[in-house]
Amino acid sequence: MYTRKYTRDASSLSVPKEFRLAVPDPDPDFSLGIDVRGRSATLKVNYRTSHQIRRAADRLLPKKLRDVDGLEDDRAGTVSVFDGPEPVILIAGTADQEIESAAAFLAAAVSDGVSPAEIGILVRSSNELARAAAVAAGLGVRTFIERGPDDVSAALVGTMHLAKGLEFRVVAVMACDQGVLPLEERVADVADEFELDEVVATERQLLYVAATRARDRLWVSGVEPASEFLEGL
């Protein structure tokens, strides 16, 4: 087998002079392949949530996000690798109606083989935990509020902040009422329009995080007057 070595500086290689090959400079007008400058895009693959859930949750946020360091994250071009049912968005007339409907949604998931440990029931703050607990009681399953033991018979009932980093096959995001999302106390403390925009953006992102904890099925509900964020969904 013969090995050929090409170099512009033949003296840098231990090759006999008679075998040295001069390589001309490339023609600047000659190129191979297709020029995709300005026409290329990065494809991002989402393995965690269904196409339907990701698409609905994406409506909550702008296409491009900028973090605290000023780095921009372009969310366009993301695809999911599997499909599922469309998320259920409900604006109920009363809290009792919301609880009853959410319990029926989760009961259907359990009857389809979803274990309680694969269910998350999430609310904005501790003030709404009673409504989430009422759904679990109607469902007839045990619950835990903190990162408790690995118990296949217990569903998580907790706040949206607690859900960060967790994943469930089924998620019910409840009590998305006016004054809850965005949280009224945070809105009341803003000093100017810039701070208001920041508060609204972080509250939207919190709902986005809660919604994308779901892999297969998502329920989002509130009681009239519901959060303005539900219009986006």
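Hey, does region 173-180 have a residue that's over 17 Å from the mean Cα position of the chain (by Cα) and farther than 26 Å from Gln52 by Cα? Taking every residue of region 173-180 in turn, at least one turns out to be over 17 Å from the mean Cα position of the chain (by Cα) and farther than 26 Å from Gln52 by Cα.
Here Ile91 passes the criteria (1) modelled with pLDDT of 95 or more; (2) β-branched (Val, Ile, Thr); (3) out of contact with any strand residue (DSSP E or B) (no Cβ under 6 Å at 6 or more places or on another chain); (4) surrounded by 13 or more Cβ atoms within 10 Å (Cβ to Cβ) except the one numbered (3).
Out of Glu224, Glu184, Glu167, Glu228, I need the residue that is free of Cβ contacts under 8 Å to residues at least 24 places away in the same chain, acidic (Asp, Glu) and surrounded by fewer than 18 Cβ atoms within 10 Å (Cβ to Cβ). Which one? One residue alone meets the criteria, Glu184.
Take the conditions at pLDDT 95 or above, in contact with a strand residue (DSSP E or B) (Cβ under 9 Å, 6 or more places away or on another chain), of a type outside the set (Asp, Glu) and surrounded by 14 or more Cβ atoms within 10 Å (Cβ to Cβ) and apply them to Ser101. Does it pass? Judged against the criteria, Ser101 is a match. With respect to being surrounded by 12 or more Cβ atoms within 10 Å (Cβ to Cβ), more than 15 Å from Ala214 (Cα to Cα) and either modelled with pLDDT of 95 or more or within 22 Å of the chain's Cα centre (by Cα) (or both), Arg75 fits the description.
Note on region 78-182: enclosed strands (runs of 3 or more DSSP E) holding 2 or more residues that are touching a Pro at 6+ places or on another chain (Cβ under 9 Å) are 142-144, 154-159. Scanning region 184-233 for residues that are of a type outside the set (A, V, I, L, M) and closer than 18 Å to Ile119 by Cα yields a total of 8.
The number of residues in region 187-219 being in a strand (DSSP E or B) and surrounded by fewer than 17 Cβ atoms within 10 Å (Cβ to Cβ) comes to 0.
The values are calculated or read from the model by the stated rules, or taken from the named source; none is laboratory data. Please read these numbers as outputs of a predicted model, since none were measured by experiment. Virtual Cβ from ideal backbone geometry, glycine too; neighbours counted across all protein chains shown.
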